[in-house]
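Everything below concerns the one structure shown next.
The values are calculated or read from the model by the stated rules, or taken from the named source; none is laboratory data. Predicted model only: the values in this text are computed from it and were never measured. Ideal geometry is used to build each Cβ from the backbone, glycine not excepted, and the neighbour counts take in all protein chains shown.
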Amino acid sequence: MDFSHLKAGPIPYLAWIPLLPLLGALINLTLGRKLSRGTIHVIAIAAVAASCALSIYMVFGPLRQLYVSSPEQAGNIGITQHVYTWIEIGSFKADLAFRLDTLSAVMILIVTFIGTLIHIYSTGYMAHDPRPAAYFGYLNLFTGAMLILVLAANLVVMFIGWEGVGLCSFLLIGFWYEKEEYANAGRKAFVVNRIGDFAFLLGMFLLFWAVKSLDFQDLKNPATAGAAYVKAWGPERLATAAGIFLFIGACGKSAQIPLYVWLPDAMAGPTPVSALIHAATMVTAGVYMIVRLSFLYSASTAAMAIIATVGLLTALAAAFMAFAQTDLKKVLAYSTVSQLGFMFVAAGTGNWVAAIFHLGTHALFKACLFLGAGSVMHGMEHGGSKTPGDITTMGGLRKHMPITRITFLVSCLAIAGIFPFAGFFSKDEILGGAWSVDPPGWIPGYGKVLWAGLLLGALGTAFYMWRLYFLVFSGDERSEEAKHAHESPVSMTGPLVILAFLATIAGAIGLPHLKSPHLPAITHQLASWIEPATAQTWYETKVPIQPAGKANNEGCCCIDGTNNPVGTALTKDGGDMTVGACRELNPPGAPRSALKFTCADHNTKQCAIEKQSDGTTWGLMAIALAIGALGIGLAWMFYGRGPTRTLERLVAGPLAGAYEASKNKLWVDEIYDAIIVRPYRALSRGLLEIVDRFVIDTVAVNGSAFVVGLFGRISRWFQNGQVQRYLTGLVIGAALVFMMSDCKTHATFEFERQGDTIILRAKPGAGVSGSTSTLYWDITGDGEPDPDPANPSKLLTGPEVRLRAGDIHASRVTLIIEDAVTRKTIKITRTLTDESAPEEVHEGSAK
Amino acid sequence: MPGAFVLPLIIGLPLLGAIFVMCTPKTESSLHRGIGLTVTTITFLVSLLVLRYFNAKLDTYQLVFDVEWIPVLGAHFKTGIDGFSLYLVLLTTFLMPLTLFGTARSIDKNVREFIATMLILEAGMLGAFVALDLFLFYVMWEVMLIPMYLLIGIWGGQRRLYASIKFVIYTMAGSLLMLVAIFYVYVQAGSVLGGYTTDLEKLTQVALPYHAQVWCFAAFAVAFAIKVPLFPLHTWLPDAHVEAPTAGSVILAGVMLKFGIYGFLRYAMPLFPHGAEVWAPTIAVLSVIGIIYGALVAYAQDDVKKLVAYSSVSHLGFCALGIVALTPYGIGGSVYAMLSHGLTTGGLFLGIGVLYERRHTRRLAEYGGLWKQMPVFAGLYLIIVMGSAGLPALSGFVGEFLTLLGTFDAGIDGSPVIIPVPTILGALATTGVILGAVYLLFMFQKVFFGKLDKAKNGKLPDLTGRELGVFIPLVIGIFLMGMFPRPFLNAMDPTVKRFISEFATRQRECDGPAHRYGTMVMDKDGKCPAAPAGAAAAKTTDAQIKDNLDAVAKGAAAVEKAIAPAAKAAEGGAP
């Protein structure tokens, strides 16, 4: 179908959806300081509301039309609109493109609808804040970025939104920046999110490396991506590595262990912000991203196991930490972390629909809770409270804030999973999915472990939420301020009522699959809506299943290794298929699966994991409901009319350790501070002082400069232009040469035979060659000067003497030098027959 | 070539302006500032003509202007641009008037000389970017060094002497090594080309012996690595930045640091591909260290300017990593990151200038809560900070993303892989994303968030109209580069492709023993001839080397023979 006409000006409708809020932000952030408060409100709300209207049009108009009219396109229903090519170089290309499919449709409806409500609510809540333009500008900016995130057609564009919402979160958490700890909280959120984004980037790089595209459609398309996966690393290893990296990104954004620590601190922001960003929308981006990439995750058992495990641990730990908090918003924050854990377990068990379902219902009731909390704090502030979020000072507010109380009650019922509120259905679906999942590669029965863990988490949820409810609204006022609290204006209660109403009925879109003949046929509306956009079956790529061997129009069924049909088999009319027909469809040799698959759609012959039987479904529902009720009961027991004595005894006695651990949030912040923050500071300080200042600058750079300078200084002393100094140098130098030379250059002599004649030539060496020294020769070997054989009256003397061979009695000849100046006698003895170097004997003695 | 006049013109204009300003009376400060602004603005407008003549589809040098300069040396005044230098030139001409407009007023002594210095600096930088002649490049390289030395040394802060001398000696040490290598290349190439030349295009046709390439590359690399600056050659930078006046810092970080990377791309890597191959692992590892180290050390600073200076070490690390990754998006991203860094870091320094003019301190502890007092400035500064931190849709992201992606994908499309473990290096470099946020947000928070508790900060005025005139173009640039990077990338794409394919060809073709010994001229396809070219080309194989040695030995014997009678005669003649 051609959607190119869906545009206004050069910009397609899908781009307008995020663009409208962004324009609102642009106006308010640039001109806002000159506008009146009313104008600012109108601009901001109009931008989001228009975006909401456009979203509704796009989803229920063109997209629904497409969905209804082309079932054969299952798995590929969606509208893609390109705005322009954003980055292109070499073979890398990223379009600024948006894609509306059934999954992103759910998200944009949530974001724009709840966004609009919260904008309206904010006009009341922030009525007295001095910087409305900045506030509404950021809020609009956030909405725009979030819409980019969910509508993105590729990972790079998604990353624009991903980081954009992080920036807005930073700005809004630190909105009241004058308080140092608020600013710190904002920075903490951004930095922790950046840790996740680092992994997100690595995941992207890895996927691009393997597939050469980051477009969701290309990544999903087995024709292009499948081959690339296999070529790169084999499908599972690549999916596992990329999946885990991207999941770490999701951990940052969606506040999962170990990166959840920013979310509780994020409560520093204005309460409507907490409702919109830190409960309903931004923090669910991680869940959305995983479901968006379900085709990738469904190829990796390991990544799925990690997601489910991290989700479960987060759900439990956060629930535990929520028990002893005394700040209204902190309880809600931990609750959000915990509920996000539930969603991740759903995603990790391949229960994509349940993850999105819970995301949606949670957005409704948690937004309602946060806005309710805002309303309570607003009321308490008007009552004169300086610590409006402290639940120990509340109590009895039901009398003063009836509307807030009712909406809060409804939301608490929903989050505790009480029938028929929305949370019941979505939570039940997650629990049911965990119960029945049992893929190869997982520890057998791990699904049951997840289920049991979640059940415990659900118990905790019901308990701490109702503890909160009782402490705030029941019993008597525990402070003067609480007595003077009053109900909030209609701009605040209006959104509360709408959200509470939706939290009551929204479960209807996701009624469980029940096939009982006693009940009317129920379809899971949301599932059939979303499933085209998610991986149809977990393990689609890993375990090839062939539901229909023959191209048979009769229907489909799945068969196990023993050639017996498993699960449900459907004929084309939706009836049961006989065993024989099923075997005929799956001839021997067709791939088999150990999993229990069931025919999901006889048109496409798709298999799905077999859903549990009706009995199990009912049983699980009953257990979940009972657990919810138990939690509420426990909360009522301890807090029904304010904190009870029993509780105080327990907290002081047997539960003291647990209570402290919960109150101190398991000391995680302190641990991180000790093992990450402080070492980081020390490292950077140490590198600066030791490596930069000392090793490089002092030793290497200034050190070499110093050495050069030293030589310079020494030579400068000589070469300063004073003639006297030059002369002094000259004299000293000459003296040194003179003094040292006679010890340095040793005297020796040479000899030469010419026939009979032996010529001895003295080489007197430096310093003794002057006319003052006298040379004598000893040719008899006695060490004394000998007379000249030719003229015995004279001693043999002079530097060169000629002798006949016979004159030399011993072969040893000694040259004797007497120096008149130094009064030294030097003797040098050589053996003449020997051609080798003279054997020198130096004897010096004073005369 | 059409438009050839543009490049010499934009070098000449600032030079003429500098001469003109020196001819005006010394006391007319505002006249000097006016001249400076006018000249740089005209230069910017003229430089925009480049876009008109530049054909983004071509991969060759364009707007080439070539006249003989020093015939006896074979040096030409040859200028031209390609995809690498196109936007770097525009960045320079764009930043110059902004800087003068924004900061000239903060200089009040020797204004005339200051303007002249800045103009000569601009001429030198533009000259070095567009030079296509090794000699011209070296001259321009030194020309821009001296004005910067003067800027720091005369108009600098407390420790300006130490900083300026450190800057000059560091840079000179590198450039001298480069000069030696230039001589070598010049002589070697001259002997095989049949005439001495410093024309880059002709020199690129020459393949030097393997080991000579390794040494020459090292010599060039030291010069460029100091400029980048790569760890551990970076310590001049913080000192220079801290002491330089705002204008100096902006130009130093905004433009001059780019010469390091640009030098690698334009000279070191094309001239010595084998050298690049040998040294690339070192460069890659040092870049990654620089990315992480710079970010860590930036966080430990108390001085805002030092913090931003160290952030440059970190950011330029991405660029250096990108070029040795040798992938289209690695190199393209690297050039893009340089452009973006010019805007963001330029903006960061200008912002510090704004603060410094008002408070005369750069200590973080002296600020806090300024958002309340200067909301417009805070908002604009936040955009610049986020651009620097690589927030998508702002300019920093595109370059950072592409360089990292390029590192990961080393070897894509048949490009040679010259760095080890690219995935691991890429992953380590990616941590810069986290660390960058840590120190930038730390700085932003210290300055703008918190209580406005210092009495002196309570009276600070928000941006003046003049300052807005500086920041708004920068911020618009940051947005445009973040959201519409295609025009920039398109212009680079052919050049990047040519660069990689040439590098690959040369590395592949001119390899093996045949290439280990002799200098030779490559043919048009970039292939090395099988036989040595020209008679002068020394023996190029082991066997031939042996022949050479034999010939020498024979020659020696012949000489001995020839002089033997004379020697005998001499002996006989002795008594």
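What number of residues within region B:414-433 are more than 9 Å from chain A (Cβ to nearest Cβ), in contact (Cβ under 8 Å) with a residue 12 or more places away in the chain, assigned to a helix (DSSP H, G or I) and surrounded by fewer than 23 Cβ atoms within 10 Å (Cβ to Cβ)?
2
Select from region A:145-154 the residues that are touching a Leu at 6+ places or on another chain (Cβ under 8 Å) and within 11 Å of another protein chain (Cβ to nearest Cβ) and list them in ascending order.
A:Ala145, the sole residue that qualifies.
State all residues of region A:471-480 that are out of contact with any Leu (no Cβ under 7 Å at 6 or more places or on another chain) and within 15 Å of A:Ile406 (Cβ to Cβ); if no residue qualifies, say none.
A:Ser474, the sole residue that qualifies.
Condition check: closer than 28 Å to B:Ser314 by Cα, away from chain A (no Cβ under 13 Å) and within 25 Å of the chain's Cα centre (by Cα). Does B:Leu474 satisfy that?
When the stated conditions are applied, B:Leu474 passes them.
Mind listing whichever residues of region A:321-337 are assigned to a helix (DSSP H, G or I) and of a type outside the set (A, V, I, L, M)?
A:Lys329, A:Lys330, A:Tyr334, A:Ser335, A:Thr336
Can you tell me which residue among B:His274, B:His360 is more than 14 Å from chain A (Cβ to nearest Cβ), modelled with pLDDT under 90 and touching a helix residue (DSSP H, G or I) at 6+ places or on another chain (Cβ under 8 Å)?
Numbers: B:His360 fails: touching a helix residue (DSSP H, G or I) at 6+ places or on another chain (Cβ under 8 Å).
Answer to the selection: B:His274.
Would you pick out the residues in region B:31-59 that are out of contact with any Leu (no Cβ under 8 Å at 6 or more places or on another chain) and without any contact (Cβ under 8 Å) to a residue 40 or more places away in the chain?
Within region B:31-59, B:Leu31, B:Gly34, B:Thr38, B:Leu45, B:Asn55 meet the criteria.
Kindly indicate the residue of region B:388-413 that is more than 26 Å from B:Ala309 (Cα to Cα) and more than 9 Å from chain A (Cβ to nearest Cβ) and also nearest to the chain's Cα centre (by Cα) among those meeting that condition. Spell out the reasoning first.
First, the residues of region B:388-413 that are more than 26 Å from B:Ala309 (Cα to Cα): B:408-413.
Subsequent filtering for residues that are more than 9 Å from chain A (Cβ to nearest Cβ) retains B:410-411.
Values: B:Ala410: 23, B:Gly411: 25 Å.
Ranking the qualifying residues of region B:388-413, first place goes to B:Ala410.
For region A:27-44, state whether one or more residues are basic (Lys, Arg), out of contact with any Cys (no Cβ under 6 Å at 6 or more places or on another chain), surrounded by fewer than 17 Cβ atoms within 10 Å (Cβ to Cβ) and within 14 Å of chain B (Cβ to nearest Cβ).
Yes, some residue in region A:27-44 is basic (Lys, Arg), out of contact with any Cys (no Cβ under 6 Å at 6 or more places or on another chain), surrounded by fewer than 17 Cβ atoms within 10 Å (Cβ to Cβ) and within 14 Å of chain B (Cβ to nearest Cβ).
Can you confirm whether region B:177-191 contains a residue that is farther than 19 Å from B:Ala219 by Cβ and aliphatic (A, V, I, L, M)?
Checking region B:177-191: not a single residue is farther than 19 Å from B:Ala219 by Cβ and aliphatic (A, V, I, L, M).
Scan B:Thr171, B:Thr117 and give me the residue that is within 14 Å of chain A (Cβ to nearest Cβ) and either touching a strand residue (DSSP E or B) at 6+ places or on another chain (Cβ under 6 Å) or of a type in the set (S, T, N, Q) (or both).
Values: B:Thr117 fails: within 14 Å of chain A (Cβ to nearest Cβ).
It is B:Thr171.
Has region A:506-527 got any residue that is of a type outside the set (Phe, Trp, Tyr), under 30 Å from A:Leu634 (Cα atoms) and modelled with pLDDT of 85 or more?
Yes, that holds for at least one residue.
Can you tell me which condition A:Leu141 does not meet? The list is (1) under 30 Å from A:Gln81 (Cα atoms); (2) buried (at least 24 other Cβ atoms within 10 Å of the Cβ), and all the others hold.
Evaluating A:Leu141 over (1) under 30 Å from A:Gln81 (Cα atoms); (2) buried (at least 24 other Cβ atoms within 10 Å of the Cβ) leaves (2) as the failure.
If I go through region A:169-180 residue by residue, how many of them are surrounded by fewer than 24 Cβ atoms within 10 Å (Cβ to Cβ), more than 10 Å from chain B (Cβ to nearest Cβ) and assigned to a helix (DSSP H, G or I)?
Residues in region A:169-180 being surrounded by fewer than 24 Cβ atoms within 10 Å (Cβ to Cβ), more than 10 Å from chain B (Cβ to nearest Cβ) and assigned to a helix (DSSP H, G or I): 0 in total.
Please tell me if B:Gly436 is more than 10 Å from chain A (Cβ to nearest Cβ), in contact (Cβ under 8 Å) with a residue 24 or more places away in the chain and small (Gly, Ala, Ser). So that I can check it myself, show each step before the final result.
Working: more than 10 Å from chain A (Cβ to nearest Cβ): no; in contact (Cβ under 8 Å) with a residue 24 or more places away in the chain: yes; small (Gly, Ala, Ser): yes.
So B:Gly436 does not fit the description; no.
Taking A:Gly61 and the conditions (1) closer than 30 Å to A:Leu502 by Cα; (2) in contact (Cβ under 8 Å) with a residue 60 or more places away in the chain, which numbered condition does it fall short on, given that it satisfies the others?
For A:Gly61, the exception is condition (2).
A:Leu206 - would you say it is in a helix (DSSP H, G or I) and under 22 Å from A:Thr281 (Cα atoms)? Even if it seems obvious, please write down each step before you answer.
On the way: in a helix (DSSP H, G or I): yes; under 22 Å from A:Thr281 (Cα atoms): no.
So A:Leu206 fails the test.
Those residues that are farther than 30 Å from B:Gln301 by Cα and loosely packed, with under 12 Cβ neighbours inside 10 Å, I need them from region A:638-683; list them, please.
Hits for region A:638-683 are A:Arg645, A:Thr646, A:Glu648, A:Arg649, A:Ala652, A:Gly653, A:Pro654, A:Ala656, A:Gly657.
Count, please, the residues in region A:47-81 that happen to be buried (at least 16 other Cβ atoms within 10 Å of the Cβ) and either among the polar types (S, T, N, Q) or at pLDDT 90 or above (or both).
Final tally of qualifying residues: 12.
Please work out which residue is surrounded by the fewest Cβ atoms within 10 Å (Cβ to Cβ), limiting yourself to region B:50-106 and to residues that are of a type in the set (Ser, Thr, Tyr) and part of a loop (DSSP other than H, G, I, E, B).
Within region B:50-106, the match that is surrounded by the fewest Cβ atoms within 10 Å (Cβ to Cβ) is B:Thr60.
So, of the residues in region B:283-311 that are within 14 Å of chain A (Cβ to nearest Cβ) and of a type in the set (S, T, N, Q), which turns out to be nearest to the chain's Cα centre (by Cα)?
Applying the filter and picking the extreme gives B:Ser311.
Considering B:Leu203, B:Leu179, which residue is modelled with pLDDT of 90 or more and among the hydrophobic types (A, V, I, L, M, F, W, C)?
Just a single option satisfies the conditions, and that option is B:Leu179.
Of the residues A:Phe216, A:Phe198, which is closer than 22 Å to A:Ile87 by Cα and modelled with pLDDT under 90?
A:Phe216
Could you grab me the full set of residues in region B:449-471 that are farther than 21 Å from B:Ala389 by Cα, assigned to a helix (DSSP H, G or I) and within 14 Å of chain A (Cβ to nearest Cβ)?
B:Asn457, B:Gly458, B:Leu468
Given region B:154-264, what helices (runs of 4 or more DSSP H) lie entirely inside it while holding 2 or more residues that are free of Cβ contacts under 8 Å to residues at least 60 places away in the same chain and more than 25 Å from B:Met492 (Cβ to Cβ)?
It comes to B:160-193, B:210-227.
Of all residues in region B:414-429, which are modelled with pLDDT of 90 or more and under 23 Å from the mean Cα position of the chain (by Cα)?
Within region B:414-429, B:Leu425, B:Gly426, B:Ala429 qualify.
Among the residues in region A:712-721, are any out of contact with any Leu (no Cβ under 8 Å at 6 or more places or on another chain), farther than 30 Å from B:Ala163 by Cα and surrounded by fewer than 10 Cβ atoms within 10 Å (Cβ to Cβ)?
yes
Quick one: in region B:127-150, of everything that is out of contact with any Ser or Thr (no Cβ under 6 Å at 6 or more places or on another chain) and within 21 Å of B:Ala104 (Cα to Cα), which residue is surrounded by the fewest Cβ atoms within 10 Å (Cβ to Cβ)?
Per the criteria, the residue is B:Ile146.
For the condition more than 14 Å from chain B (Cβ to nearest Cβ) and either of a type outside the set (S, T, N, Q) or assigned to a helix (DSSP H, G or I) (or both), what is the one hit in A:Ile690, A:Ile714?
Only one candidate qualifies: A:Ile714.
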